[in-house]
Amino acid sequence: MNTTKAETAPSSTHARSFSLGDLIRRRPETITFALLVTICVAVSIANPAFLQPSTLIDIGRASVVMGLFALGVFVILAAGGIDVSFTAIAAFTMYSVTLLVQTYLPGLPIIVIILIAMAGGVFLGVINGLLVHHLRVPSLIVTIGTQYLFRGFLLSFIGTVWIMSLPPQMGAFGRMPLLQFETANGALVTLPFYFLVLPVAAILTWWILNRTLMGRAIFAVGGNANIAERLGYSLRTVHLFLFGYAGALAGLAGIIHVCANRQANPFDLVGTEINVIAAVVLGGARITGGTGTVLGTILGVLLVVVINSVLVLVGIPSTWQRLVVGSFILLAAAFFVTRQRKK
């Protein structure tokens, strides 16, 4: 009997260990969640002001534009591609649409303005998709080129002057409250209505990837494009959808950025690509494609936003933000590669 118990105990321990490792391999976003919780707890101990509602609302507000960008990048990354032109698409659409409304259509409803911005994003995204498909070159090279093309066209032919006075309906949308309350010191804290756009976009993206044939095609192409094509998936259709959908999210993010900041600056959003791609990678998506989840992407966005927010709260200079985010990316990459090798 004693021998049987001794033999059974290690087996049970091994099963528990295997289950934890299997969970991490299947759901790498658990590591992202654990990092996020650890950082929040540590910062709350170091500076209890982090738990104030105003700080949490600021984090939620800052997550919207980055989250929309990240969802678009994740969809392309899941198919084995990468896009760095999304900020140029956002800048192009937000500035040109704002200028159009201000000059020619001042009474246009905000929902129509948003739809026009998204349609513009789809158009520019489809250009990316067509180039990737027909040139047969990596999407990174194509989108580096179109990033300069879109931004250069904007600055050369549309305008470089900041639009400081927005059409009233755009300013009203940026100020529309979803949740509003007064703090103990009399400050008014507002969670804007546009915050709802991020969870709606996340749910839609999850549904596309997990409940539609297009979602299967995206992950199949990310796993192996040649095999996916032999199985009957149209690479052209997948490429057009991927970049068109990412473009729509970029256009939406751009117009929200304008409404939230109450100005249209054609030079805005430059340099934020790395933070967005970092968030997607930290969420568990692999650059090689075929893996990742929407939940992981949102957790990655929250992780990057929290890091950027809390460094200031604990007295660390903002210049360290890139160092900290880069360190997390390297640690996450090393961990995921190690788990894959063990598998």
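The values are calculated or read from the model by the stated rules, or taken from the named source; none is laboratory data. The model shown is predicted, which means the values in this text are computed figures rather than measured ones. Virtual Cβ from ideal backbone geometry, glycine too; neighbours counted across all protein chains shown. In case anyone asks, the SASA skips ligands and DNA or RNA and just uses the protein heavy atoms, side chains included. Shrake-Rupley method; radii C 1.70, N 1.55, O 1.52, S 1.80 Å.
Looking at the stretch 169-204 only, could you name the residues that are exposed (fewer than 12 other Cβ atoms within 10 Å of the Cβ) and at pLDDT 95 or above?
Correct list: V200, I203.
Within the stretch 320-341, which residues are at pLDDT below 70 and over 18 Å from T30 (Cα atoms)?
Selection gives R341 alone.
Counting residues that are touching an Asp or Glu at 6+ places or on another chain (Cβ under 9 Å) and of a type outside the set (G, A, S), which helices (runs of 4 or more DSSP H) fully inside the stretch 100-205 reach at least 1?
Fully inside the stretch 100-205 and qualifying: 110-135, 139-153.
Can you give me the number of residues within the stretch 86-112 that are within 22 Å of the chain's Cα centre (by Cα), open to solvent by less than 20 Å² (accessible area, probe 1.4 Å) and closer than 12 Å to I255 by Cβ?
6
Of everything in the stretch 224-245, what is open to solvent by 10 Å² or more (accessible area, probe 1.4 Å) and either aliphatic (A, V, I, L, M) or on the phi > 0 side of the Ramachandran plot (or both)? Give them in sequence order. Can you show your working first?
In the first step, residues of the stretch 224-245 are kept if they are open to solvent by 10 Å² or more (accessible area, probe 1.4 Å); the result is 224-227, 229-237, 239-241, 245.
Once the filter is applied, which keeps residues that are open to solvent by 10 Å² or more (accessible area, probe 1.4 Å) and either aliphatic (A, V, I, L, M) or on the phi > 0 side of the Ramachandran plot (or both), the stretch 224-245 yields A225, I227, L231, G232, L235, L240.
Here are the criteria: (1) more than 22 Å from G67 (Cα to Cα); (2) open to solvent by 30 Å² or more (accessible area, probe 1.4 Å); (3) under 21 Å from the mean Cα position of the chain (by Cα). Tell me which single one V221 does not satisfy.
Only one criterion in (1) more than 22 Å from G67 (Cα to Cα); (2) open to solvent by 30 Å² or more (accessible area, probe 1.4 Å); (3) under 21 Å from the mean Cα position of the chain (by Cα) is unmet by V221, namely (2).
Every residue in the stretch 261-287 that is in contact with a Leu (Cβ under 9 Å, 6 or more places away or on another chain), β-branched (V, I, T) and not in a helix (DSSP H, G or I), please.
Once the filter is applied, which keeps residues that are in contact with a Leu (Cβ under 9 Å, 6 or more places away or on another chain), β-branched (V, I, T) and not in a helix (DSSP H, G or I), the stretch 261-287 yields only I287.
Restricting the search to the stretch 138-156, which residues are among the aromatic types (F, W, Y), under 26 Å from A260 (Cβ atoms) and open to solvent by 30 Å² or more (accessible area, probe 1.4 Å)?
F153, the sole residue that qualifies.
Would you pick out the residues in the stretch 303-319 that are modelled with pLDDT under 75 and part of a helix (DSSP H, G or I)? Write out each step before concluding.
Let us first name the residues in the stretch 303-319 that are modelled with pLDDT under 75, namely 312-319.
Of everything in the stretch 303-319, those that are modelled with pLDDT under 75 and part of a helix (DSSP H, G or I) turn out to be V312, L313, S318, T319.
Quick check on the stretch 192-218: of everything there that is in contact (Cβ under 8 Å) with a residue 24 or more places away in the chain and closer than 15 Å to G292 by Cβ, which residue is nearest to the chain's Cα centre (by Cα)?
A202
Keeping to the stretch 25-68, report how many residues are more than 18 Å from V301 (Cβ to Cβ), among the aliphatic types (A, V, I, L, M) and either touching a residue at least 40 places away in the same chain (Cβ under 8 Å) or not in a helix (DSSP H, G or I) (or both).
2
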